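Heads up: the structure comes next, in structure tokens.
The values are calculated or read from the model by the stated rules, or taken from the named source; none is laboratory data. In this text, all values refer to a predicted model and were calculated from it rather than measured experimentally. Counting neighbours? That spans all protein chains shown, and the Cβs are built from the backbone with ideal geometry, glycine included. What goes into the accessible areas is simple: the full protein's heavy atoms, side chains included, and nothing from ligands, DNA or RNA. Shrake-Rupley method; radii C 1.70, N 1.55, O 1.52, S 1.80 Å.
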Amino acid sequence: VAKARRLADRQVRSQSRRFLAEGPQAVREALAHPSLVVEVFAAERPSDVVRGLRQAADAAGVAWTEVGEDVIRVVADTVTPQGVVAVCRFLDRPLAEVLGAAPRLLAVGVDVGDPGNAGTLLRCADAAGCDAVVLAGRGVDPYNPKAVRASAGSLFHLPVIVSPDVPGTLAAVRAAGLRLLAADAAAATDLDAVDRQGLLAGPTAWLFGNEAHGLDPELVAVADEAVSVPLYGRAESLNLVAAAAVCLYASARAQSLTAGGAA
Ligand SMILES: C[S@@+](CC[C@H](N)C(=O)[O-])C[C@H]1O[C@@H](n2cnc3c(N)ncnc32)[C@H](O)[C@@H]1O
């Protein structure tokens, strides 16, 4: 329990390569990949939902430890972890492995600072059918408890790459044949224009910047195109994940229309 509790600390997580998945939804998603789960802590008097998870854990041979509700609260980051927390192994993949599988749509978050945004970016990219999400630079890690929660299970659905070296990441992505599009509210070219030019239909990696500072101008310069989502009202910019939703869905739509047309 003491070891699990320390996983709230990023350094402890990265040294042990373990993190916590809290609550029935996250634990269910984790148990769908039993090799990822080290141990589950659950309340001594489980709800029906948690009892169902116990059956899944037993069937998969995953260790299950019953503890008091107060102990669950100590281990978990949430006030009400709903009686169950799993200790899981890191699941991020090497960039080269993901690029080797000929991805068509990647979301790259650069220096994402807010764990809620990191998790929601994963959820949004999952929903838009991205092949992977890259968290590049010095941002939060996807195993932050708030990020895990905000991903609503998507952390377990699509490959995640953690890549501190931003220029190296972009060079590798481009070498794999993806067009680099930098989402930037100040860009002169807007999303409708690139869509009309047919630039969204091919393999694409979208870059999204930090909540406060946006994308570094040097990264925007490296991209094949800087693209803005038009702002029709008075907002200065969109929230990072709102921008990602618009851009990724535009690409998903263009790619599926092209695939449909070719069939
Ligand atoms: C909250 S915004 C950053 C705002 C920051 N003040 C700036 O100078 O860019 C975070 C990220 O969301 C994306 N974004 C926000 N609004 C956008 C828009 N209208 N068009 C394209 N991308 C946008 C960009 O990738 C941006 O780096």
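Quick notes
- Most mobile of Leu181, Leu135, Leu231 in a GNM of the chain (Cα contacts under 10 Å): Leu231
- Here the dipole of the chain is about 580 debye; that uses its Cα centre as origin and unit charges on the Cβ of Lys and Arg (positive) and Asp and Glu (negative).
- Amide N of the range 182-211 lying under 13 Å from the label point, which is placed 7 angstrom from the Cα of Arg174 along Cα→Cβ: 182, 205
- Taking the range 37-81 and a reference point 7 angstrom along Cα→Cβ of Val1, the backbone N atoms nearer than 14 Å belong to 41-45, 65-76.
- Listed residue (Gly68, Ala102, Leu158) projecting farthest to the positive dipole end of the range 65-164, Cβ model: Ala102
- Over all directions, the projected convex hull of the C-alpha atoms in the range 121-216 averages 6.8 nm² in area.
- In degrees, nearest ten, helix 166-175 long axis to first principal axis of the chain (Cα): 70 degrees
- Taking all pairs of distinct alpha-carbon atoms in the range 173-263, Kirkwood radius in angstrom: 13.5 Å
- Accessible-area rank, largest first, for Arg253, Arg17: Arg253, Arg17, with all protein chains present and a 1.4 angstrom probe.
- Of the whole protein surface, Val74 contributes about 80 Å² of accessible area at a 1.4 Å probe radius.
- Counting only heavy atoms of the protein chains and using a 1.4 Å probe, Cys130 has close to 10 Å² of accessible surface.
- Bins of 5 Å, starting at 0 and running to the largest distance - Cα pair percent for the chain: 1, 6, 13, 16, 17, 14, 10, 9, 7, 5, 2, 0
- Nearest 10 degrees, 0 to 90: helix 240-262 Cα axis against the chain principal axis: 70 degrees
- Dimensions of the range 20-88 based on its C-alpha atoms, expressed as ranges along the principal axes with the largest first, amount to 27, 20, 17 Å.
- Within the assembled protein chains, the solvent-accessible surface assigned to Asp184 is about 50 Å², based on a 1.4 Å probe.
- Summed side-chain charge close to Phe208 - residues other than Phe208 whose Cβ falls under 11 Å, Lys, Arg +1, Asp, Glu -1: -3
- Solvent exposure, largest accessible area first (probe 1.4 Å, DNA, RNA and ligands not counted), of Phe90, Phe19: Phe90, Phe19
- Other residues with beta-carbon under 14 Å from the beta-carbon of Ala42 carry, at +1 per Lys or Arg and -1 per Asp or Glu, a net charge of -3.
- The candidates Tyr249, Tyr143, arranged from most to least accessible area with a 1.4 Å probe in the full protein assembly, appear as Tyr249, Tyr143.
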